[in-house]
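Participant: Sending over a structure as structure tokens; questions will come in a sec.
The values are calculated or read from the model by the stated rules, or taken from the named source; none is laboratory data. Computed from a predicted structure; not experimentally measured. Positions of Cβ are backbone-derived with ideal geometry, glycine not excepted, and every protein chain shown enters the neighbour counts. Heads up: the accessible areas ignore ligands, DNA and RNA and are worked out on the full protein's heavy atoms, side chains in. Shrake-Rupley method; radii C 1.70, N 1.55, O 1.52, S 1.80 Å.
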Amino acid sequence: MSIVTLQLPDVKDSRETRPNRCPYCTGETFQRWGGTAKRVSDPHLGEVRVYRYRCCRCRRTFRHYPEGIGRGRQTARMRALAAIGWILGMSYRGSSRYLSAFGISLSRMSIWRDVQQRAEGLAREHHWKPVRVLGLDGATVRGWGKNQPVLIAVDMGTGEPVTIDYVDEKDPRAVKKFLEPLMQRLGVSVIVTDDLSSYKQVAEALQLEHQICQFHVRRWVGLAVHELKQSLSPEWIGVADEVRQILRDLPIAGDQRLVGLSRLFPPSQWGRTGSEFTPVDKLRSLIIRLAENWAQFRVFDWQPDVPWTNNPTEQVIGRMKMRARTVRGYKNWSGMVSGLMVAGVGIA
Ligand SMILES: [Zn+2]
């Protein structure tokens with residue numbers, strides 16, 4: 001789970017740092033070659049000195065920017081601060097106004113660029129970062145681009161979004177096409193999802209371990225059992241309750257207990273002329289379905305760092321939804337993805 005911290009990047013004064021390596025050759029010794037004052041936009045510093053250095057090896061000179069300072073006017077700390085207001089839910093205009101209360105003047109446009117830049121930084125940082133356990137969940141949010149379903153992938157180790165794309169989670173071929181390159185690039189070996197059959201098919205095809213979110217399972221089984229109990233005859237009520245209890249306890253041999261329960265049932269009349277799919281048939285098919293999926297319920301018990309729910313993924317989606325209205329203003333998908341990724345990470 002990602003911990004929300006307000007950690008701003010360091011900004012160093014020129015006097016504290018010297019270059020390590022010449023940008024032109026491999027030289028490592030330098031002479032200081034004069035400095036100039038640079039005005040910066042930063043919560044603490046108004047001006048810094050930037051020195052030029054001459055490489056003793058190739059004799060070329062270059063400007064050395066200290067940590068947190070670059071060619072642009074804003075320091076890294078300022079850019080992070082500008083993005084934070086937006087991530088916390090302010091509009092660009094609101095962020096601009098809020099910073100002006102501290103005597104910092106930044107235009108909406110420049111805050112927008114800061115958010116984009118943070119997104120690029122995140123994308124670079126995440127591109128090859130290994131992810132062992134990946135959470136997947138679909139969402140449809142009105143106003144997100146084409147109003148199409150999107151699929152969001154989350155690093156369960158850090159709770160941060162890895163990527164997002166237009167993919168229908170119910171379509172196993174589309175999910176596989178989305179997942180396979182991620183799996184190869186990041187070394188994913190376990191996925192955590194809700195219990196749609198598409199995920200199960202893809203996990204099998206790609207030979208991934210698969211943890212099914214137990215919140216989802218408990219919720220739908222709870223509802224199904226509750227509903228069945230209205231129409232089941234009294235002798236089956238106890239069986240229905242036991243199913244729910246097995247789900248709560250998630251014992252190692254739960255599937256064997258479920259199979260044992262399924263053997264209590266008389267042969268089904270369903271399919272013969274005039275017979276319906278009765279509540280008792282429904283209870284039995286529920287029990288069989290749970291027994292079949294049992295291995296996917298308990299991966300968290302023997303695989304390290306696998307959560308038993310898909311909660312971290314839902315939190316990321318929640319943070320993205322919070323920003324959906326602002327992100328709607330983006331003209332293209334890549335701008336929107338950047339905004340969503342930044343929003344999904346939150347303040348970390
Ligand atoms: Zn050099």
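Participant: For V48, only one of the following conditions fails: (1) buried (at least 17 other Cβ atoms within 10 Å of the Cβ); (2) within 16 Å of the ligand (Cβ to nearest atom); (3) more than 37 Å from the chain's Cα centre (by Cα). What is its number?
Facilitator: (2)
Participant: I'd like to verify a number: residues in region 27-45 that are part of a strand (DSSP E or B), surrounded by fewer than 16 Cβ atoms within 10 Å (Cβ to Cβ) and at negative phi, how many?
Facilitator: 6
Participant: Scan region 274-318 residue by residue and report those that are in a loop (DSSP other than H, G, I, E, B) and loosely packed, with under 15 Cβ neighbours inside 10 Å.
Facilitator: Within region 274-318, G274, S275, E276, F277, Q303, P304, D305 meet the criteria.
Participant: Assuming Y65 fulfils every condition listed in (1) loosely packed, with under 15 Cβ neighbours inside 10 Å; (2) away from the ligand (no atom under 16 Å from the Cβ); (3) aromatic (F, W, Y) apart from one, which condition is it?
Facilitator: (1)
Participant: Looking only at residues in region 108-159 that are outside any helix (DSSP H, G or I) and among the aromatic types (F, W, Y), which one is modelled with the highest pLDDT?
Facilitator: Per the criteria, the residue is W128.
Okay, residues lined up against (1) touching a helix residue (DSSP H, G or I) at 6+ places or on another chain (Cβ under 8 Å); (2) in contact (Cβ under 8 Å) with a residue 60 or more places away in the chain; (3) under 25 Å from I246 (Cα atoms); (4) open to solvent by 60 Å² or more (accessible area, probe 1.4 Å):
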| site | (1), (2), (3), (4) |
| --- | --- |
| K176 | yes, no, no, yes |
| Q184 | no, no, no, yes |
| I191 | yes, no, yes, no |
| D194 | yes, yes, yes, no |
| V202 | yes, no, no, no |
| H216 | no, yes, yes, no |
| R219 | no, no, yes, yes |
| L223 | no, no, yes, yes |
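Participant: Would you point out which residue out of R57, R97 is assigned to a helix (DSSP H, G or I) and open to solvent by 50 Å² or more (accessible area, probe 1.4 Å)?
Facilitator: That would be R97, the only listed residue that is assigned to a helix (DSSP H, G or I) and open to solvent by 50 Å² or more (accessible area, probe 1.4 Å).
Participant: Same structure again: Check region 68-91 and report whether any residue there is basic (K, R), within 16 Å of the ligand (Cβ to nearest atom) and open to solvent by 60 Å² or more (accessible area, probe 1.4 Å).
Facilitator: No - not one qualifying residue is present in region 68-91.
Participant: Next up: Would you pick out the residues in region 191-202 that are within 19 Å of the chain's Cα centre (by Cα) and part of a helix (DSSP H, G or I)?
Facilitator: If the condition is that a residue be within 19 Å of the chain's Cα centre (by Cα) and part of a helix (DSSP H, G or I), then Y199 is the only one that fits.
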